[in-house]
(Lines give C-alpha, C1' and ligand atoms only; values in the text may rest on other atoms or scores of the structure.)
Protein backbone atom coordinates (compact mmCIF):
# COMPACT_ATOMS: atom_id res chain seq x y z
CA UNK A 1 0.00 0.00 0.00
CA UNK A 2 1.32 3.46 -0.92
CA UNK A 3 1.78 6.36 1.38
CA UNK A 4 -1.55 7.73 2.60
CA UNK A 5 -2.47 11.29 1.70
CA UNK A 6 -1.75 13.79 4.42
CA UNK A 7 -5.19 15.10 5.36
CA UNK A 8 -3.86 18.14 7.11
CA UNK A 9 -5.04 19.50 10.47
CA UNK A 10 -7.74 16.85 10.86
CA UNK A 11 -10.04 18.34 8.23
CA UNK A 12 -11.72 14.94 7.81
CA UNK A 13 -11.93 14.18 11.49
CA UNK A 14 -15.74 14.10 11.49
CA UNK A 15 -15.97 11.53 8.70
CA UNK A 16 -12.91 9.43 9.33
CA UNK A 17 -11.38 6.86 11.63
CA UNK A 18 -7.91 7.81 12.80
CA UNK A 19 -5.57 4.81 13.06
CA UNK A 20 -2.13 6.31 13.33
CA UNK A 21 -0.94 9.89 13.32
CA UNK A 22 -1.46 11.19 9.80
CA UNK A 23 -3.44 8.14 8.59
CA UNK A 24 -7.13 8.50 7.78
CA UNK A 25 -9.80 6.23 6.44
CA UNK A 26 -12.69 8.25 5.03
CA UNK A 27 -16.16 6.82 4.87
CA UNK A 28 -19.80 7.37 4.04
CA UNK A 29 -21.87 7.13 7.26
CA UNK A 30 -24.46 4.33 7.55
CA UNK A 31 -22.69 2.34 4.84
CA UNK A 32 -19.82 -0.07 4.36
CA UNK A 33 -18.06 2.38 2.03
CA UNK A 34 -14.64 3.02 3.59
CA UNK A 35 -11.52 3.76 1.64
CA UNK A 36 -7.90 4.53 2.33
CA UNK A 37 -6.96 7.69 0.51
CA UNK A 38 -3.66 6.99 -1.23
CA UNK A 39 -1.41 9.55 -2.85
CA UNK A 40 -1.47 7.80 -6.21
CA UNK A 41 -5.28 7.57 -6.40
CA UNK A 42 -7.21 9.88 -8.70
CA UNK A 43 -9.23 11.11 -5.72
CA UNK A 44 -6.14 12.23 -3.82
CA UNK A 45 -4.45 13.65 -6.92
CA UNK A 46 -7.53 15.74 -7.70
CA UNK A 47 -7.86 16.91 -4.10
CA UNK A 48 -4.22 18.03 -4.14
CA UNK A 49 -4.44 19.61 -7.60
CA UNK A 50 -7.52 21.65 -6.70
CA UNK A 51 -6.46 22.25 -3.06
CA UNK A 52 -9.87 21.41 -1.66
CA UNK A 53 -8.51 21.17 1.88
CA UNK A 54 -7.25 24.71 1.61
CA UNK A 55 -10.07 27.24 1.25
CA UNK A 56 -12.94 24.72 1.28
CA UNK A 57 -11.86 23.39 4.66
CA UNK A 58 -12.72 26.85 6.04
CA UNK A 59 -16.15 27.08 4.43
CA UNK A 60 -18.85 25.39 6.50
CA UNK A 61 -21.10 22.85 4.82
CA UNK A 62 -24.09 24.39 6.63
CA UNK A 63 -23.89 28.11 7.33
CA UNK A 64 -25.79 28.81 10.57
CA UNK A 65 -28.04 25.75 10.54
CA UNK A 66 -27.34 24.06 13.83
CA UNK A 67 -30.66 23.64 15.58
CA UNK A 68 -33.13 20.77 15.65
CA UNK A 69 -36.09 20.83 17.99
CA UNK A 70 -39.42 22.31 18.99
CA UNK A 71 -38.10 24.35 21.93
CA UNK A 72 -34.94 26.42 22.56
CA UNK A 73 -32.81 23.87 24.33
CA UNK A 74 -29.04 23.43 24.20
CA UNK A 75 -29.52 19.68 24.04
CA UNK A 76 -30.98 20.07 20.57
CA UNK A 77 -28.02 21.86 19.04
CA UNK A 78 -25.79 20.10 16.54
CA UNK A 79 -22.05 20.53 16.98
CA UNK A 80 -21.81 20.61 13.20
CA UNK A 81 -18.23 19.97 12.09
CA UNK A 82 -18.44 19.26 8.35
CA UNK A 83 -17.01 21.66 5.82
CA UNK A 84 -17.14 21.78 2.03
CA UNK A 85 -13.80 20.00 1.85
CA UNK A 86 -15.16 17.01 3.78
CA UNK A 87 -18.25 16.93 1.63
CA UNK A 88 -16.46 17.18 -1.72
CA UNK A 89 -14.09 14.33 -0.97
CA UNK A 90 -16.86 11.94 0.06
CA UNK A 91 -18.99 12.91 -2.94
CA UNK A 92 -16.03 12.00 -5.17
CA UNK A 93 -15.58 8.74 -3.26
CA UNK A 94 -19.26 7.80 -3.53
CA UNK A 95 -19.63 8.79 -7.20
CA UNK A 96 -16.53 6.79 -8.13
CA UNK A 97 -17.79 3.75 -6.24
CA UNK A 98 -21.12 3.91 -8.07
CA UNK A 99 -19.12 3.90 -11.29
CA UNK A 100 -17.17 0.81 -10.20
CA UNK A 101 -20.34 -1.07 -9.25
CA UNK A 102 -21.62 -0.42 -12.75
CA UNK A 103 -18.40 -1.49 -14.50
CA UNK A 104 -17.90 1.92 -16.07
CA UNK A 105 -14.66 2.60 -17.90
CA UNK A 106 -11.78 3.68 -15.67
CA UNK A 107 -11.74 7.05 -17.42
CA UNK A 108 -15.42 7.54 -16.50
CA UNK A 109 -14.74 6.58 -12.88
CA UNK A 110 -11.84 9.02 -12.74
CA UNK A 111 -14.07 11.71 -14.24
CA UNK A 112 -16.73 11.11 -11.58
CA UNK A 113 -14.18 11.37 -8.78
CA UNK A 114 -12.73 14.57 -10.24
CA UNK A 115 -16.20 16.09 -10.75
CA UNK A 116 -17.05 15.24 -7.14
CA UNK A 117 -13.98 17.10 -5.93
CA UNK A 118 -14.78 20.08 -8.19
CA UNK A 119 -18.55 20.42 -7.81
CA UNK A 120 -18.42 22.69 -4.72
CA UNK A 121 -15.03 24.32 -5.27
CA UNK A 122 -16.56 27.70 -6.22
CA UNK A 123 -18.81 27.89 -3.14
CA UNK A 124 -18.64 31.46 -1.79
CA UNK A 125 -17.75 32.23 1.81
CA UNK A 126 -20.63 31.30 4.16
CA UNK A 127 -22.08 29.08 1.45
CA UNK A 128 -25.86 29.00 1.17
CA UNK A 129 -26.32 32.23 3.15
CA UNK A 130 -24.30 34.16 0.60
CA UNK A 131 -25.70 32.31 -2.43
CA UNK A 132 -29.24 33.29 -1.42
CA UNK A 133 -28.37 36.93 -2.17
CA UNK A 134 -27.64 36.30 -5.86
CA UNK A 135 -28.13 32.66 -6.91
CA UNK A 136 -27.38 33.42 -10.57
CA UNK A 137 -23.91 34.86 -10.04
CA UNK A 138 -22.93 33.02 -6.86
CA UNK A 139 -23.88 29.44 -7.78
CA UNK A 140 -20.87 27.14 -7.46
CA UNK A 141 -21.85 24.79 -10.30
CA UNK A 142 -21.59 27.45 -13.00
CA UNK A 143 -18.32 29.08 -11.94
CA UNK A 144 -16.13 26.19 -10.74
CA UNK A 145 -13.55 26.78 -13.53
CA UNK A 146 -13.11 30.39 -12.40
CA UNK A 147 -11.28 29.36 -9.24
CA UNK A 148 -8.85 26.93 -10.87
CA UNK A 149 -5.20 27.91 -10.67
CA UNK A 150 -2.45 26.81 -13.04
CA UNK A 151 -1.90 23.53 -11.20
CA UNK A 152 -5.58 22.63 -11.45
CA UNK A 153 -5.77 23.45 -15.15
CA UNK A 154 -2.66 21.38 -15.85
CA UNK A 155 -4.17 18.44 -13.96
CA UNK A 156 -7.31 18.56 -16.13
CA UNK A 157 -5.20 18.69 -19.31
CA UNK A 158 -3.17 15.73 -18.06
CA UNK A 159 -6.40 13.79 -17.48
CA UNK A 160 -7.72 14.82 -20.91
CA UNK A 161 -10.78 16.55 -19.44
CA UNK A 162 -12.26 19.66 -21.02
CA UNK A 163 -14.21 22.25 -19.06
CA UNK A 164 -17.26 21.83 -21.31
CA UNK A 165 -17.49 18.13 -20.44
CA UNK A 166 -17.13 18.77 -16.73
CA UNK A 167 -19.63 21.65 -16.98
CA UNK A 168 -22.28 19.19 -18.15
CA UNK A 169 -21.49 16.62 -15.47
CA UNK A 170 -21.37 19.16 -12.64
CA UNK A 171 -24.61 20.57 -14.05
CA UNK A 172 -26.22 17.10 -13.63
CA UNK A 173 -26.43 16.40 -17.37
CA UNK A 174 -26.00 12.94 -18.95
CA UNK A 175 -25.61 9.68 -17.07
CA UNK A 176 -22.43 10.80 -15.29
CA UNK A 177 -24.17 14.02 -14.25
CA UNK A 178 -27.07 12.00 -12.86
CA UNK A 179 -24.66 9.79 -10.91
CA UNK A 180 -22.88 12.83 -9.48
CA UNK A 181 -26.18 14.42 -8.40
CA UNK A 182 -27.26 11.21 -6.67
CA UNK A 183 -23.86 10.84 -4.95
CA UNK A 184 -24.13 14.45 -3.76
CA UNK A 185 -27.57 13.90 -2.24
CA UNK A 186 -26.60 10.62 -0.62
CA UNK A 187 -23.46 12.16 0.88
CA UNK A 188 -24.94 15.26 2.46
CA UNK A 189 -27.96 13.36 3.78
CA UNK A 190 -25.87 10.63 5.42
CA UNK A 191 -23.27 13.06 6.82
CA UNK A 192 -25.87 15.45 8.23
CA UNK A 193 -27.99 12.62 9.61
CA UNK A 194 -24.92 11.24 11.35
CA UNK A 195 -24.28 14.65 12.96
CA UNK A 196 -27.88 15.06 14.11
CA UNK A 197 -28.16 11.59 15.64
CA UNK A 198 -24.68 11.65 17.17
CA UNK A 199 -24.93 15.07 18.80
CA UNK A 200 -28.35 14.76 20.40
CA UNK A 201 -28.14 11.10 21.31
CA UNK A 202 -29.09 11.72 24.93
CA UNK A 203 -32.44 13.12 23.82
CA UNK A 204 -33.24 10.72 21.01
CA UNK A 205 -35.85 8.75 22.96
CA UNK A 206 -37.92 11.77 23.94
CA UNK A 207 -37.26 14.32 21.23
CA UNK A 208 -40.40 14.26 19.03
CA UNK A 209 -38.50 15.26 15.89
CA UNK A 210 -35.70 12.74 16.27
CA UNK A 211 -38.07 9.86 16.87
CA UNK A 212 -39.13 10.32 13.26
CA UNK A 213 -35.52 9.82 12.18
CA UNK A 214 -34.80 6.94 14.54
CA UNK A 215 -37.63 4.69 13.36
CA UNK A 216 -36.53 4.24 9.70
CA UNK A 217 -32.88 4.10 10.81
CA UNK A 218 -33.60 1.28 13.26
CA UNK A 219 -34.94 -0.81 10.37
CA UNK A 220 -32.30 0.31 7.85
CA UNK A 221 -29.09 1.03 9.80
CA UNK A 222 -27.11 0.62 6.57
CA UNK A 223 -29.22 3.07 4.55
CA UNK A 224 -26.03 4.66 3.18
CA UNK A 225 -25.53 1.50 1.13
CA UNK A 226 -28.18 2.85 -1.23
CA UNK A 227 -25.22 3.85 -3.39
CA UNK A 228 -25.03 0.14 -4.33
CA UNK A 229 -28.58 0.28 -5.70
CA UNK A 230 -27.75 2.88 -8.33
CA UNK A 231 -27.84 1.27 -11.78
CA UNK A 232 -26.40 2.95 -14.87
CA UNK A 233 -28.09 1.76 -18.06
CA UNK A 234 -25.59 2.85 -20.70
CA UNK A 235 -27.70 1.71 -23.65
CA UNK A 236 -30.78 3.69 -22.65
CA UNK A 237 -28.68 6.41 -20.96
CA UNK A 238 -30.73 6.35 -17.79
CA UNK A 239 -29.91 5.92 -14.13
CA UNK A 240 -32.28 4.11 -11.75
CA UNK A 241 -32.41 2.46 -8.32
CA UNK A 242 -32.69 -1.32 -8.06
CA UNK A 243 -34.28 -1.34 -4.58
CA UNK A 244 -37.49 0.70 -4.33
CA UNK A 245 -37.87 0.01 -0.60
CA UNK A 246 -34.44 1.37 0.31
CA UNK A 247 -34.97 4.35 -2.02
CA UNK A 248 -38.19 5.13 -0.16
CA UNK A 249 -36.46 5.07 3.21
CA UNK A 250 -33.68 7.30 1.90
CA UNK A 251 -36.15 9.83 0.44
CA UNK A 252 -38.12 9.81 3.70
CA UNK A 253 -35.03 10.50 5.82
CA UNK A 254 -33.92 13.20 3.41
CA UNK A 255 -37.35 14.84 3.56
CA UNK A 256 -37.30 14.78 7.37
CA UNK A 257 -33.83 16.36 7.36
CA UNK A 258 -35.16 19.18 5.21
CA UNK A 259 -38.09 19.70 7.54
CA UNK A 260 -36.20 19.53 10.83
CA UNK A 261 -32.79 20.95 9.94
CA UNK A 262 -32.33 22.59 6.53
CA UNK A 263 -35.64 24.49 6.65
CA UNK A 264 -36.11 24.70 10.40
CA UNK A 265 -37.17 28.36 10.95
CA UNK A 266 -34.90 29.04 13.93
CA UNK A 267 -31.82 28.26 11.87
CA UNK A 268 -33.30 29.87 8.76
CA UNK A 269 -33.76 33.08 10.74
CA UNK A 270 -30.06 33.23 11.49
CA UNK A 271 -29.18 32.71 7.84
CA UNK A 272 -31.71 35.37 6.85
CA UNK A 273 -30.20 37.89 9.26
CA UNK A 274 -26.65 37.37 7.97
CA UNK A 275 -27.78 37.51 4.34
CA UNK A 276 -29.31 40.91 5.07
CA UNK A 277 -26.00 42.08 6.53
CA UNK A 278 -24.09 40.98 3.43
CA UNK A 279 -26.56 42.38 0.86
CA UNK A 280 -25.69 46.12 1.22
CA UNK A 281 -22.00 45.30 0.66
CA UNK A 282 -22.54 43.18 -2.45
CA UNK A 283 -22.90 43.89 -6.15
CA UNK A 284 -22.23 41.53 -9.07
CA UNK A 285 -20.44 44.27 -11.04
CA UNK A 286 -17.77 45.05 -8.44
CA UNK A 287 -18.96 48.55 -7.46
CA UNK A 288 -19.29 47.54 -3.80
CA UNK A 289 -16.80 45.91 -1.40
CA UNK A 290 -18.05 42.38 -2.17
CA UNK A 291 -18.42 40.78 -5.60
CA UNK A 292 -18.74 37.17 -6.84
CA UNK A 293 -15.07 36.69 -7.68
CA UNK A 294 -13.91 37.94 -4.29
CA UNK A 295 -16.47 35.86 -2.38
CA UNK A 296 -15.22 32.75 -4.18
CA UNK A 297 -11.75 33.48 -2.83
CA UNK A 298 -12.73 34.27 0.77
CA UNK A 299 -13.29 31.85 3.64
CA UNK A 300 -16.02 32.18 6.26
CA UNK A 301 -13.78 34.00 8.73
CA UNK A 302 -12.78 36.58 6.10
CA UNK A 303 -16.39 37.48 5.39
CA UNK A 304 -17.42 37.56 9.04
CA UNK A 305 -14.43 39.74 9.92
CA UNK A 306 -15.37 42.13 7.11
CA UNK A 307 -18.93 42.36 8.44
CA UNK A 308 -17.59 42.98 11.95
CA UNK A 309 -15.44 45.88 10.74
CA UNK A 310 -18.07 47.38 8.47
CA UNK A 311 -20.87 47.36 11.04
CA UNK A 312 -18.55 48.09 13.99
CA UNK A 313 -19.64 45.00 15.85
CA UNK A 314 -18.35 44.47 19.39
CA UNK A 315 -14.87 42.91 19.60
CA UNK A 316 -14.52 43.09 15.80
CA UNK A 317 -14.13 39.35 15.44
CA UNK A 318 -16.02 37.26 12.93
CA UNK A 319 -15.91 34.04 14.96
CA UNK A 320 -17.50 35.89 17.84
CA UNK A 321 -20.39 36.83 15.54
CA UNK A 322 -20.79 33.18 14.54
CA UNK A 323 -20.87 32.08 18.18
CA UNK A 324 -23.50 34.67 19.09
CA UNK A 325 -25.73 33.83 16.14
CA UNK A 326 -25.69 30.06 16.72
CA UNK A 327 -26.99 30.71 20.25
CA UNK A 328 -29.70 33.13 19.13
CA UNK A 329 -33.37 32.20 18.74
CA UNK A 330 -34.96 34.64 16.28
CA UNK A 331 -38.66 34.93 16.87
CA UNK A 332 -40.83 34.02 13.94
CA UNK A 333 -44.41 33.62 12.75
CA UNK A 334 -45.49 31.22 10.04
CA UNK A 335 -47.96 32.36 7.37
CA UNK A 336 -49.42 30.72 4.28
CA UNK A 337 -49.21 33.71 1.94
CA UNK A 338 -47.08 36.81 1.43
CA UNK A 339 -50.11 39.01 2.11
CA UNK A 340 -50.83 37.25 5.42
CA UNK A 341 -47.20 37.68 6.43
CA UNK A 342 -47.25 41.40 5.64
CA UNK A 343 -50.46 41.87 7.63
CA UNK A 344 -49.04 39.92 10.56
CA UNK A 345 -45.91 42.06 10.52
CA UNK A 346 -48.01 45.22 10.77
CA UNK A 347 -49.93 43.81 13.73
CA UNK A 348 -46.85 43.04 15.85
CA UNK A 349 -46.47 45.03 19.05
CA UNK A 350 -44.48 48.24 18.91
CA UNK A 351 -41.41 46.90 20.71
CA UNK A 352 -40.72 44.35 17.99
CA UNK A 353 -38.26 44.96 15.17
CA UNK A 354 -39.29 43.08 12.02
CA UNK A 355 -36.18 41.84 10.21
CA UNK A 356 -38.12 40.79 7.15
CA UNK A 357 -40.21 38.09 5.49
CA UNK A 358 -38.69 35.00 3.91
CA UNK A 359 -40.43 32.50 1.67
CA UNK A 360 -39.55 28.82 2.04
CA UNK A 361 -40.46 27.24 -1.29
CA UNK A 362 -40.02 23.59 -0.36
CA UNK A 363 -37.52 21.21 -1.94
CA UNK A 364 -37.20 18.54 -4.61
CA UNK A 365 -38.48 15.44 -2.83
CA UNK A 366 -36.87 13.11 -5.39
CA UNK A 367 -40.12 11.31 -6.24
CA UNK A 368 -39.25 11.36 -9.95
CA UNK A 369 -36.23 9.10 -9.39
CA UNK A 370 -36.53 5.92 -11.46
CA UNK A 371 -36.68 2.57 -9.72
CA UNK A 372 -37.82 -1.01 -10.24
CA UNK A 373 -41.38 -1.83 -9.26
CA UNK A 374 -42.69 -5.23 -8.15
CA UNK A 375 -42.82 -6.36 -11.78
CA UNK A 376 -39.19 -5.32 -12.33
CA UNK A 377 -40.34 -2.50 -14.59
CA UNK A 378 -38.53 0.83 -14.50
CA UNK A 379 -40.95 3.49 -13.23
CA UNK A 380 -40.79 6.62 -11.09
CA UNK A 381 -40.70 6.09 -7.35
CA UNK A 382 -44.06 7.83 -7.12
CA UNK A 383 -45.55 5.14 -9.35
CA UNK A 384 -43.67 2.31 -7.62
CA UNK A 385 -44.82 3.27 -4.11
CA UNK A 386 -47.61 5.86 -4.19
CA UNK A 387 -48.33 5.47 -0.46
CA UNK A 388 -44.85 6.41 0.71
CA UNK A 389 -44.58 9.01 -2.04
CA UNK A 390 -47.71 10.66 -0.64
CA UNK A 391 -46.14 10.71 2.85
CA UNK A 392 -42.92 12.26 1.54
CA UNK A 393 -44.79 14.84 -0.52
CA UNK A 394 -46.75 15.77 2.59
CA UNK A 395 -43.50 16.49 4.45
CA UNK A 396 -42.31 18.61 1.52
CA UNK A 397 -45.57 20.60 1.55
CA UNK A 398 -45.17 21.21 5.29
CA UNK A 399 -41.93 23.09 4.60
CA UNK A 400 -43.61 25.60 2.28
CA UNK A 401 -44.47 28.81 4.11
CA UNK A 402 -43.76 32.49 4.58
CA UNK A 403 -41.92 33.37 7.78
CA UNK A 404 -41.77 36.73 9.52
CA UNK A 405 -38.57 37.10 11.53
CA UNK A 406 -38.48 39.65 14.33
CA UNK A 407 -36.91 40.46 17.69
CA UNK A 408 -37.80 42.40 20.81
CA UNK A 409 -35.45 45.32 20.28
CA UNK A 410 -36.00 46.57 23.85
CA UNK A 411 -34.19 43.54 25.27
CA UNK A 412 -30.58 44.13 26.32
CA UNK A 413 -28.91 41.37 24.32
CA UNK A 414 -25.76 41.19 22.24
CA UNK A 415 -27.75 40.30 19.11
CA UNK A 416 -29.93 43.37 19.58
CA UNK A 417 -26.77 45.41 19.92
CA UNK A 418 -25.66 44.02 16.57
CA UNK A 419 -29.05 44.83 15.07
CA UNK A 420 -28.92 48.40 16.32
CA UNK A 421 -25.43 48.96 14.99
CA UNK A 422 -26.17 47.31 11.65
CA UNK A 423 -29.33 49.35 11.04
CA UNK A 424 -28.51 52.61 12.75
CA UNK A 425 -31.17 52.37 15.44
CA UNK A 426 -30.45 54.66 18.44
CA UNK A 427 -30.25 53.03 21.84
CA UNK A 428 -33.36 54.83 23.13
CA UNK A 429 -35.62 53.86 20.20
CA UNK A 430 -37.93 50.91 20.77
CA UNK A 431 -40.72 51.80 18.37
CA UNK A 432 -42.00 49.18 15.91
CA UNK A 433 -39.89 49.22 12.77
CA UNK A 434 -39.36 46.98 9.77
CA UNK A 435 -35.87 46.64 8.32
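The values are calculated or read from the model by the stated rules, or taken from the named source; none is laboratory data. A quick note: this is a predicted structure, and the numbers were derived from the prediction, not measured. Every residue, glycine among them, receives a Cβ derived from its backbone with ideal geometry; neighbour counts consider all protein chains shown.
So, restricting to helices (runs of 4 or more DSSP H) that lie completely within region 95-210, which ones have at least 2 residues that are in contact with a strand residue (DSSP E or B) (Cβ under 8 Å, 6 or more places away or on another chain) and modelled with pLDDT of 95 or more?
Helices (runs of 4 or more DSSP H) meeting the threshold: 174-199.
For residues that are in a helix (DSSP H, G or I) and touching a helix residue (DSSP H, G or I) at 6+ places or on another chain (Cβ under 6 Å), scanning just region 230-246, find the one that is nearest to residue 387 (Cα to Cα).
244
Any chance region 330-340 includes a residue that's free of Cβ contacts under 8 Å to residues at least 60 places away in the same chain, out of contact with any helix residue (DSSP H, G or I) (no Cβ under 9 Å at 6 or more places or on another chain), outside any loop (DSSP other than H, G, I, E, B) and closer than 23 Å to residue 131 by Cα?
No, every residue in region 330-340 fails to be free of Cβ contacts under 8 Å to residues at least 60 places away in the same chain, out of contact with any helix residue (DSSP H, G or I) (no Cβ under 9 Å at 6 or more places or on another chain), outside any loop (DSSP other than H, G, I, E, B) and closer than 23 Å to residue 131 by Cα.
Within the set of pairs 6 or more residues apart or between chains, which connect a residue that is in contact (Cβ under 8 Å) with a residue 12 or more places away in the chain and at positive phi inside region 348-360 to a residue that is surrounded by fewer than 20 Cβ atoms within 10 Å (Cβ to Cβ) and in a strand (DSSP E or B) with Cβ atoms less than 9 Å apart?
That search, which allows pairs on different chains as well, returns 356/434.
Which ones in region 167-180 are under 19 Å from residue 136 (Cα atoms) and either surrounded by fewer than 23 Cβ atoms within 10 Å (Cβ to Cβ) or more than 18 Å from the chain's Cα centre (by Cα) (or both)?
Correct list: 167, 168, 169, 171, 172, 173.
Please specify each residue of region 274-323 satisfying the condition of being in contact (Cβ under 8 Å) with a residue 24 or more places away in the chain, in contact with a strand residue (DSSP E or B) (Cβ under 8 Å, 6 or more places away or on another chain) and not in a helix (DSSP H, G or I).
Matches in region 274-323: 282 only.
Looking at (1) within 15 Å of residue 131 (Cα to Cα); (2) buried (at least 22 other Cβ atoms within 10 Å of the Cβ), can you tell me which one residue 279 breaks?
Going through (1) within 15 Å of residue 131 (Cα to Cα); (2) buried (at least 22 other Cβ atoms within 10 Å of the Cβ) one by one, residue 279 breaks only (2).
Condition first: modelled with pLDDT under 90 and on the phi < 0 side of the Ramachandran plot. Now tell me which residues in region 49-59 satisfy that.
52, 53, 54
Considering only residues that are in contact with a helix residue (DSSP H, G or I) (Cβ under 9 Å, 6 or more places away or on another chain) and closer than 23 Å to residue 399 by Cβ, which ones fall in region 364-386?
Selection gives 364, 365, 366, 367, 368, 369, 380, 381, 382, 385.
For region 354-409, list the strands (runs of 3 or more DSSP E) that sit wholly inside it and hold at least 2 residues that are at pLDDT below 95 and farther than 24 Å from residue 177 by Cα; which are they?
Strands (runs of 3 or more DSSP E) meeting the threshold: 401-408.
Counting just the residues of region 123-147 that are buried (at least 23 other Cβ atoms within 10 Å of the Cβ) and under 18 Å from residue 47 (Cβ atoms), which one comes out nearest to the chain's Cα centre (by Cα)?
123
Which one of 160, 96 is farther than 29 Å from residue 283 by Cα and surrounded by fewer than 24 Cβ atoms within 10 Å (Cβ to Cβ)?
160
What are the residues in region 60-88 that are modelled with pLDDT of 85 or more and farther than 14 Å from residue 120 by Cα, if any?
Correct list: 63 only.
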